[in-house]
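Engineer: The following block contains the structure, expressed as structure tokens.
The values are calculated or read from the model by the stated rules, or taken from the named source; none is laboratory data. Every value quoted in this text rests on a predicted model; they were computed, and no experiment measured them. Counting neighbours? That spans all protein chains shown, and the Cβs are built from the backbone with ideal geometry, glycine included. Heads up: the accessible areas ignore ligands, DNA and RNA and are worked out on the full protein's heavy atoms, side chains in. Shrake-Rupley method; radii C 1.70, N 1.55, O 1.52, S 1.80 Å.
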Amino acid sequence: MIRVGHGYDLHRLEPLTPVGQGKPFILGGICIEHDRGPVGHSDGDALLHAITDAILGALALPDIGQLFPDTDPRWAGKDSAHFLRHALELMREKKFEVCNLDATVICERPKIGPVKEKIKSHLAHLLGCHVGQINVKGKTHEHVDAVGEGRAIEVHCVALLTSI
Ligand code: MG
């Protein structure tokens, strides 16, 4: 049996604290040097949030916001790998594994290209699969709207799961 899931996330980007409310720019568990960062309850890792939701979605389970509400102080500043690991545990309980995963990161800056391979390797490690099963694409928003003006980052992810 195969199951497909889609995940989407957006985080506002602000100057780093204390100038703004931006946290260090972490994407797919990799910290990238940038003068702005995501505003969020956890560490604000939009890529890990979208991947987590794609896996949960494929399994028709409650989404990341339901499992880890942003009103719960336990998740304040939390490493988003924790949310992904939980989704993977639920996936294995249901006897599924990741077949492949394709994510699109949309942000004006920083550029994703130079760190793409590092992110993919880290994701493969987190997901316990081969790097060839993971794809991450970087796009800009052509300078329009909040994402294009550097005020937000958006991620879409599709995950295909196969039964073990
Ligand atoms: Mg999020």
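Engineer: Only one residue in Val136, Val147 is open to solvent by less than 70 Å² (accessible area, probe 1.4 Å) and in contact with a Cys (Cβ under 8 Å, 6 or more places away or on another chain), so which one is that?
Structural biologist: Val147
Engineer: Select from region 52-65 the residues that are more than 11 Å from Met91 (Cα to Cα) and within 11 Å of the ligand (Cβ to nearest atom) and write down the one among them that is most open to solvent (accessible area, probe 1.4 Å).
Structural biologist: Here the answer is Asp63.
Engineer: Can we say Ala76 is modelled with pLDDT of 95 or more, among the small types (Gly, Ala, Ser) and open to solvent by less than 70 Å² (accessible area, probe 1.4 Å)?
Structural biologist: So Ala76 fails the test.
Engineer: Mind listing whichever residues of region 75-115 are in a loop (DSSP other than H, G, I, E, B), within 16 Å of the ligand (Cβ to nearest atom) and more than 13 Å from Lys139 (Cβ to Cβ)?
Structural biologist: Selection gives Ala76, Gly77, Lys78, Asp79, Ser80.
Engineer: Can we say Glu33 is away from the ligand (no atom under 12 Å from the Cβ) and either hydroxyl-bearing (Ser, Thr, Tyr) or assigned to a strand (DSSP E or B) (or both)?
Structural biologist: Criteria not met by Glu33.
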